[in-house]
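See structure below.
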Amino acid sequence: MTAPTLAPQVEISAPPSGGPALTQPRARLAAGGRVALSLLLPLALAIGWELAVRTGFAQGRLMPPPSQIGATLYALAASGDLWLHVQATLVRVALGFAFGATAGIAVGALTGTLPLARHLLDPTLQALRAVPSLAWVPLFILWLGILETPKVTLIAVGVFFPVYIGVAGAIASVDRKLVEVGRIFRLSKTALARRILLPAILPATLVALRTGLGLGFLFVVAAELMGASEGLGYLLVDGQQFSKADQILAAIIAFACLGKLADALLVALTRPLTRWQDTARETL
Amino acid sequence: MLTIEGLSKTYADGTRALDGIDLSVPQAEIVALIGGSGCGKTTLLRLVAGLDRASAGRIQLDGEGIASPHPGVGLVFQEPRLLPWLSVADNVGFGLAELPKAERAARVSHALERVGLSEHAGRWPRELSGGQQQRVSIARAFVANPRVLLLDEPFSALDAFTRKDLHGHLLALWEEVRPTILIVTHDVGEAVALADRAVVMRPKPGRLDDTIPLPLPRPRNPTSAQTEAATRKILAALDKSLRPKQSVSDIAEPQNANWW
Ligand SMILES: Nc1ncnc2c1ncn2[C@@H]1O[C@H](COP(=O)(O)OP(=O)(O)O)[C@@H](O)[C@H]1O
Ligand SMILES: [Mg+2]
């Protein structure tokens with residue numbers, strides 16, 4: 001009855017069969033129309049700029065036309081450089097996210113469940129959170145050198161706080177009424193955590209992870225701007241130093257695509273766990 | 001047999017929610033607890049369910065003391081309190097995790113059939129109406145075969161039609177395993193429709209005030225002369241319970257005790 005493959009230790013029912021009537025032709029048509037409408041403005045701007053440069057109305061030096069950006073992107077991809085930089089950036093984000101999110105979940109669970117841990121840790125963490133994360137950069141470089149470690153650390157710090165706040169908050173706001181349902185059926189402490197606490201905090205935790213991932217991409221740029229020999233951030237710095245606006249824009253587009261893809265992947269992977277929520281929140 | 005002796009509960013803030021409750025309920029009897037709000041009905045049920053600790057007195061089920069949730073005691077809360085991440089069927093089977101899968105499934109589907117929700121087994125709680133959700137929560141309590149079932153104003157948020165329908169479902173389930181039922185209500189009609197005995201409570205501190213036996217045959221006709229007489233009796237008792245008690249000691253003591 002419960003979904004064994006998707007959620008081995010979390011107890012969540014599989015989506016009911018006979019899916020919702022959302023994807024009817026009409027609804028799909030309306031959705032298609034909305035997508036087309038949302039693309040209208042960027043497309044018009046791109047085409048307009050392209051024409052303006054081609055006809056000589058504007059110079060494309062500082063703001064290259066789309067065709068040139070596309071050509072740069074293609075050249076980078078064809079030479080294999082793009083993949084190299086994307087890989088370097090992705091590895092940093094993945095490592096930083098893994099460390100930051102794991103620590104955030106662990107510490108959040110600790111302060112959320114144990115009052116002693118909360119009184120001990122939370123005030124300090126809240127104070128540290130008030131420090132803008134980028135302010136740590138000089139210290140991290142001093143302590144950890146300029147290679148990968150300070151970069152991953154900075155990303156991990158950026159990811160940690162939203163995840164920590166999200167998890168601790170989710171545990172604090174678990175409905176006491178549902179916990180009592182568990183008590184009535186005499187669940188043990190661990191069963192209570194597994195069968196009530198965990199599913200109850202899951203949605204908020206996933207939202208926190210998404211926020212964390214977004215910040216991970218924010219901080220990887222900062223980390224790579226502070227000195228790197230590869231990565232999309234390096235492409236940005238390099239483009240600035242040699243006035244290659246097309247390369248900067250190509251890197252920005254690559255960042256946008258990567259961030260969006262990573263977020264979509266996270267949502268897709270965790271969707272089965274939050275199927276039970278109101279559809280209004282699924283469109284989030 | 002459920003026996004409650006000298007049960008008192010004083011909350012941490014000094015509120016005396018219950019004071020010296022004595023009540024015994026033989027197996028399979030249905031008792032309706034009636035009283036205005038704040039007279040300790042919820043407190044009483046929570047103590048019997050083992051969710052809270054009594055300040056004094058004791059509760060026994062067939063001679064066994066109850067101080068924490070007991071497998072023989074089930075509770076239906078005022079709100080359905082379904083787990084939103086479980087399907088209707090999994091909610092009903094929530095308390096049966098220990099049973100083998102096949103037996104659990106059989107008991108769940110039987111209970112769902114009993115409350116008329118078989119075709120909704122695979123749906124999410126949020127897709128059900130309030131009345132249907134409350135039926136699921138009653139099925140969840142029944143499926144564990146409790147000896148004592150406690151219901152805290154389970155139908156108070158529902159319209160009269162739905163309520164009447166649910167009375168039928170509740171009695172059908174009761175006929176099957178015949179548990180002792182303690183149902184809190186502020187609806188006199190509900191007490192007369194369901195109970196073998198109505199117990200009227202009075203507030204500040206919460207006490208049992210009066211007991212009205214309801215020896216009417218089932219199924220009950222809401223418009224018969226017997227039902228109407230019983231309704232009037234309970235209303236009169238309720239009325240009396242809401243007026244301050246003018247006992248001899250009350251009059252004698254407060255004003256004059258310190259005259260010297
Ligand atoms: N957790 C609590 N802490 C302090 N006082 C409470 C608590 N729960 C209930 N009370 C008080 O105890 C009295 C009885 O409450 P309750 O049992 O909920 O009454 P009823 O269910 O009959 O309306 C009320 O005066 C209420 O304010
Ligand atoms: Mg109440």
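Before moving on, here are some points about what is shown:
- Residues satisfying the stated conditions in the range B:24-52, i.e. without any contact (Cβ under 8 Å) to a residue 40 or more places away in the chain and not small (Gly, Ala, Ser): B:ARG46, B:LEU51
- Of the candidates B:LEU150, B:LEU128, the single residue that is within 16 Å of ligand 2 (Cβ to nearest atom) and within 14 Å of chain A (Cβ to nearest Cβ) is B:LEU150.
Residue-by-condition table, conditions (1) surrounded by fewer than 23 Cβ atoms within 10 Å (Cβ to Cβ); (2) in a loop (DSSP other than H, G, I, E, B):
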{"position": "B:SER137", "(1), (2)": "no, no"}
{"position": "B:ASN145", "(1), (2)": "yes, yes"}
{"position": "B:LEU149", "(1), (2)": "no, no"}
{"position": "B:TRP174", "(1), (2)": "yes, no"}
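- Tally of residues being in a helix (DSSP H, G or I) and more than 14 Å from chain B (Cβ to nearest Cβ) across the range A:132-189: 36
- Criterion (more than 9 Å from chain A (Cβ to nearest Cβ), aliphatic (A, V, I, L, M) and within 16 Å of ligand 2 (Cβ to nearest atom)) met by exactly one of B:LEU44, B:LEU112: B:LEU44
- Scanning the range B:180-234 for residues that are without any contact (Cβ under 8 Å) to a residue 40 or more places away in the chain, within 16 Å of B:ASP22 (Cα to Cα) and basic (Lys, Arg) yields a count of 0.
- Residue within the range B:60-79 that is within 11 Å of another protein chain (Cβ to nearest Cβ), more than 22 Å from B:ARG178 (Cα to Cα) and within 16 Å of the chain's Cα centre (by Cα) present: yes
- Qualifying residue in the range B:67-79 (condition: within 13 Å of ligand 2 (Cβ to nearest atom), in contact (Cβ under 8 Å) with a residue 40 or more places away in the chain, charged (D, E, K, R) and touching a helix residue (DSSP H, G or I) at 6+ places or on another chain (Cβ under 8 Å)): yes
None of the figures in this text is laboratory data; all of them are computed from the coordinates on show. In this text the structure is predicted, and so the values were computed from the model without any measurement. We place every Cβ from the backbone using ideal geometry, glycine too, and count neighbours over all the protein chains shown.
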